[in-house]
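S.K.: The following block contains the structure, expressed as structure tokens.
The values are calculated or read from the model by the stated rules, or taken from the named source; none is laboratory data. Predicted, not measured: the structure shown is a model, and the values here were computed from it. Using ideal geometry, Cβ is built from the backbone for each residue, glycine included, and neighbour counts are taken over all protein chains shown. Just the protein is used for accessible areas: all its heavy atoms, side chains included, with ligands, DNA and RNA removed. Shrake-Rupley method; radii C 1.70, N 1.55, O 1.52, S 1.80 Å.
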Amino acid sequence: MRRGALQAAAWWLAALAILAAAAVWIGADGAGLPPLDRRGLELAGDWRGPVLDAAFLGLTRLGSLIVLLPPVSAAAILLWRRGSRAGAGFLALALVGAAALAHLAKELFARARPEAVPGLSPVVSSLSFPSAHALQITAVALAVFVLLARRGWGWSAAAGWLLALVVALVVVVVGLSRIYLQVHYPSDVLAGMLVAACWVLGLRAAMLAAGPARRG
């Protein structure tokens with residue numbers, strides 16, 4: 001238990017360090033945007049078109065709390081009823097904690113959203129760093145992957161790798177959609193993904209370190 005707590009604390013400190021380091025890097029160039037952010041938005045603008053606009057407007061919703069909360073809640077309830085209380089709490093906290101982290105960090109760092117090109121997607125807040133969509137979808141995807149791997153998959157290794165590829169693709173597409181729609185800088189998205197990974201791995205160490213779950 002003590003080892004798990006120490007590992008969790010290390011992962012969560014890493015998440016805070018990533019946020020702080022990214023914020024320092026973003027503000028280091030007082031003359032303008034860091035090259036990564038400037039070039040990323042330029043490339044996204046160059047690719048704009050009606051088909052991609054419609055596709056990314058739909059795909060970006062996969063990272064929203066409104067879309068993620070119902071299936072995650074249902075899955076957590078199912079896990080609870082099947083006796084996996086640790087798994088249920090882990091999955092629920094992965095999403096709720098990710099959302100809380102994203103919005104607290106937004107208020108703390110108060111980075112404005114991109115203004116060079118009008119964004120295509122409606123936003124609730126004018127604050128940009130980190131991307132809540134990227135943080136939330138990464139947290140949920142990784143949490144689901146951890147829970148499935150903990151149960152021993154129950155299918156072939158090839159199916160496991162295929163699932164991992166699909167999950168990773170969803171995360172990447174949601175992250176790219178935030179940049180394409182000009183509502184986030186690339187650094188917002190990258191920071192969100194890294195922080196989400198640290199958050200979920202910390203939760204795993206704190207809540208699931210006792211061993212593999214029972215099948216059934």
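S.K.: Relative contact order for the range 61-181: what is it in percent, counting Cα pairs under 8 Å that are at least 6 residues apart?
M.R.: Working: 103 pairs, mean separation 36.4, N = 121.
Computed value for the range 61-181: 30 percent relative contact order.
S.K.: If you take the charge dipole of the chain about its Cα centre, with +1 on Lys and Arg Cβ and -1 on Asp and Glu Cβ, which of A54, A44, V96 is farthest toward its positive end?
M.R.: V96
S.K.: Over the Cα atoms of the range 67-146, how large are the radius of gyration and the largest Cα-Cα distance (Dmax), in Å?
M.R.: 15.2, 51
S.K.: Still on this structure, please answer the following. Could you work out how far helix 35-46 tilts from the main Cα principal axis of the chain, as a 0 to 90 degree angle to the nearest 10?
M.R.: Its long axis makes an angle of about 80 degrees.
S.K.: With angles folded into 0 to 90 degrees, how steeply does helix 50-59 sit against the dominant principal axis of the chain? Use alpha carbons for both and round to 10.
M.R.: For 50-59 against the chain, the angle is about 30 degrees.
S.K.: So, with a 1.4 angstrom probe, what is the percent of accessible area on the chain that is carbon and sulfur?
M.R.: Details: 8340 of 11590 Å².
Heavy-atom surface of the chain belonging to carbon and sulfur, 1.4 Å probe: 72 percent.
S.K.: If you compute Cα extents along the principal axes in Å for the structure shown, which of (1) 54, 39, 30; (2) 49, 42, 29; (3) 60, 32, 26 do you land on?
M.R.: Label of the calculated value: (1).
S.K.: Okay, helix-only estimate at 222 nm for the chain: each DSSP H run of n ≥ 4 adds -39500 (n - 2.57), divide by all residues, round to 500 deg cm²/dmol; what do you get? Provide the component values of the computation, followed by the final result.
M.R.: Working: 8 runs with 156 residues, N = 216.
Helix-only estimate at 222 nm: -25000 deg cm²/dmol.
S.K.: Hey, another quick one. Treating the angle as unsigned and between 0 and 90°, give the value, to the nearest 10°, between the Cα long axis of helix 186-207 and the longest Cα principal axis of the chain.
M.R.: 20 degrees
S.K.: Let me ask something else about it. Which longest run of the chain has no exposed loop site in it, a site being trypsin sites (Lys or Arg not before Pro) in a DSSP loop with at most 11 other beta carbons within 10 Å, and the site itself not part of the run? Could the numbers behind the result be given before it?
M.R.: Working: sites that count: R214, R215.
With a cap of 11 other Cβ atoms within 10 Å, the longest stretch comes to 1-213.
S.K.: Can you tell me the accessible area per residue over the range 51-146, all protein chains present, probe 1.4 angstrom, in square angstrom? Each step should come with its number before you reach the end.
M.R.: Working: 4830 Å² over 96 residues.
On a per-residue basis, the range 51-146 sits at 50 Å².
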